[in-house]
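Everything below concerns the one structure shown next.
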Amino acid sequence: MSKKGKYEVQKFTGIPVETDADGKYQLKLDHNGDAKLHTWRTGKHTKGKYQGPGQLMLTENNLTVVILAAEPMAFKDRHSETPLQRFLTTKITADVLAQGLAELK
């Protein structure tokens, strides 16, 4: 990117996760048993690299989230989304990813 201070912005859709008794990541469900989709974006100080759906990331509030979808976002639109803190190298299991992807539809 040629302009000073500009960086590539991507928008991510994901669902917060928590660990179960076995330490495996599961979708975090609300009191109705529903998983809630949220969006974040890469920020200037976001650490790590996005590898694909099923990867975990940390928000600025240290919430662990599974990424379900990524799309490019215009730099000028970035303030409409909250930046994420870092990409984790951890991925969730295929069955939990399938559960999350089903929520996207």
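The values are calculated or read from the model by the stated rules, or taken from the named source; none is laboratory data. Only a predicted model underlies this, so the values are computations on that prediction, with no experimental measurement involved. Neighbour counts are summed over all protein chains in view; Cβ atoms, including those assigned to glycine, are modelled from backbone coordinates with ideal geometry. The accessibility values were calculated without ligands, DNA or RNA, using every heavy atom of the protein model including side chains. Shrake-Rupley method; radii C 1.70, N 1.55, O 1.52, S 1.80 Å.
Here are a few things to note about the model shown:
- Within region 5-19, the set of residues being under 19 Å from the mean Cα position of the chain (by Cα) and over 17 Å from Glu71 (Cα atoms) comprises Pro16, Val17, Glu18, Thr19.
- Selection count where residues are over 13 Å from the mean Cα position of the chain (by Cα), of a type in the set (D, E, K, R) and surrounded by 12 or more Cβ atoms within 10 Å (Cβ to Cβ), scope region 78-105: 2
- Matching option when the condition is open to solvent by less than 70 Å² (accessible area, probe 1.4 Å) and at positive phi, among Gly14, Gly23, Gly43: Gly23
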